[in-house]
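The values are calculated or read from the model by the stated rules, or taken from the named source; none is laboratory data. Just so it is clear, the structure is predicted and the values come from calculations on it, not from any experiment. In this analysis, Cβ positions are derived from the backbone assuming ideal geometry, glycine residues included, and neighbour counts consider all displayed protein chains. Side chains included, ligands, DNA and RNA excluded: accessible areas come from the protein's heavy atoms. Shrake-Rupley method; radii C 1.70, N 1.55, O 1.52, S 1.80 Å.
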Amino acid sequence: MTDLTLASWNIRAGLGRYLQRRPARTIEVITDLDADVVLLQEADFRRHPRPAALPLLHGRIGPFEVIDLTPTDVGLGWHGIAMLKRPDIKVVAIQRLDLPALEPRGAVIVDMTIAARPFRIVGVHLGLLRGNRRKQIAYLVDRLSELDHKPTILAGDFNEWRERKGLETLPDWLRTHSPGPTFPAGRPLLKLDRVAMSDDVAFVDSMVLSDRRSQIASDHRPIRVRVRLPGGGAKLT
């Protein structure tokens, strides 16, 4: 068994809770996330050509390597979704998806290995309308069903605050988990940021980061989830 720590955070393009854009503050929070893989949402500005909201230094943000998800040389991610990793994690394959919606939305599927253990991270930032979220999840699950199975963790800003609505198109083999309320950052009430794990991924623990910098660096608080990957290439049945 191998433990993996995943963090996810909607960084609001570096624009803090008090509408002051301070990328250095955002990077400080990311550096302190103490994760193996970090998913970011709103990591690029919305207007074309969607330049990166955070500066890179030699392809890194803090201690993390930036996985190249952007089709251009000006952005950081795909539809604002960026993915960072520890240097010892190897990237095997990347897929970028456009999700069905009235507003532009996307997802990324990245296959990786850690300590020779294969796994798959799916990064999402779902739409604001519940009907669109259902369609986006269904579309994404269809794409995953076309791939060889790997232990899978789907994470990001689900934009869904209800426990029993909006996620109906997730299949039984993906178990959802929310570490707690993340929005709004000052006094969080809504559980917008979540993960979903395949049956062969064991949940260990999770938390919503609540230190002062995390509360003011965005309108969402970051989440961190620790899971345990299986020892081999288990298949779903």
message = Can you go through Arg117, Arg143, Arg130 and tell me which one is more than 18 Å from the chain's Cα centre (by Cα) and within 23 Å of Leu229 (Cβ to Cβ)?
response = Arg117
note = Scanning the stretch 94-114 for residues that are open to solvent by less than 10 Å² (accessible area, probe 1.4 Å) and of a type in the set (Gly, Ala, Ser), the one nearest to Pro230 (Cα to Cα) turns out to be Ala107
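Among the candidates Arg50, Arg22, single out the residue that is open to solvent by 20 Å² or more (accessible area, probe 1.4 Å), out of contact with any Lys or Arg (no Cβ under 8 Å at 6 or more places or on another chain) and in contact (Cβ under 8 Å) with a residue 60 or more places away in the chain.
None of the others qualify; the one that does is Arg22.
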request  = Determine whether Val122 is touching a Ser or Thr at 6+ places or on another chain (Cβ under 7 Å), assigned to a strand (DSSP E or B) and open to solvent by 60 Å² or more (accessible area, probe 1.4 Å).
outcome  = no
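Against the condition touching a Leu at 6+ places or on another chain (Cβ under 8 Å), β-branched (Val, Ile, Thr) and either in contact (Cβ under 8 Å) with a residue 24 or more places away in the chain or more than 24 Å from Arg221 (Cα to Cα) (or both), how does Val108 come out, does it pass?
When the stated conditions are applied, Val108 passes them.
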Pick from the stretch 188-201, criterion surrounded by 14 or more Cβ atoms within 10 Å (Cβ to Cβ) and touching a Pro at 6+ places or on another chain (Cβ under 7 Å), ranking: farthest from Gly231 (Cα to Cα) = Pro188
task = Please verify whether the stretch 152-167 includes one or more residues that are more than 22 Å from Ala35 (Cβ to Cβ) and open to solvent by less than 10 Å² (accessible area, probe 1.4 Å).
result = yes
key: Residues (in a loop (DSSP other than H, G, I, E, B) and open to solvent by 60 Å² or more (accessible area, probe 1.4 Å)) located in the stretch 139-151   = Glu146, Asp148
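Scan the stretch 212-228 and tell me whether some residue there is touching a strand residue (DSSP E or B) at 6+ places or on another chain (Cβ under 7 Å), open to solvent by 60 Å² or more (accessible area, probe 1.4 Å) and either part of a strand (DSSP E or B) or closer than 17 Å to Val124 by Cα (or both). If you could, list the steps in order and put the result at the bottom.
The first filter runs over the stretch 212-228 and keeps only residues touching a strand residue (DSSP E or B) at 6+ places or on another chain (Cβ under 7 Å), leaving 218-228.
From what is left, the residues that are open to solvent by 60 Å² or more (accessible area, probe 1.4 Å) are 226, 228.
Checking which are either part of a strand (DSSP E or B) or closer than 17 Å to Val124 by Cα (or both) leaves us with 226, 228.
Yes: the stretch 212-228 contains one or more residues that are touching a strand residue (DSSP E or B) at 6+ places or on another chain (Cβ under 7 Å), open to solvent by 60 Å² or more (accessible area, probe 1.4 Å) and either part of a strand (DSSP E or B) or closer than 17 Å to Val124 by Cα (or both).
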remark   = Flagged in the stretch 68-93 as small (Gly, Ala, Ser) and surrounded by fewer than 22 Cβ atoms within 10 Å (Cβ to Cβ), in numbering order, are Gly75, Ala93
request  = Would you point out which residue out of Gly123, Gly131 is over 20 Å from Leu76 (Cα atoms) and not basic (Lys, Arg)?
outcome  = Gly131
ask   = Which of the strands (runs of 3 or more DSSP E) contained wholly in the stretch 1-100 include at least 3 residues that are of a type outside the set (D, E, K, R)?
value = 2-10, 37-41, 82-85, 90-99
request  = Go through (1) farther than 22 Å from Arg96 by Cα; (2) out of contact with any Pro (no Cβ under 7 Å at 6 or more places or on another chain); (3) open to solvent by less than 40 Å² (accessible area, probe 1.4 Å); (4) of a type in the set (Val, Ile, Thr) and name the single condition Val204 misses.
outcome  = (3)
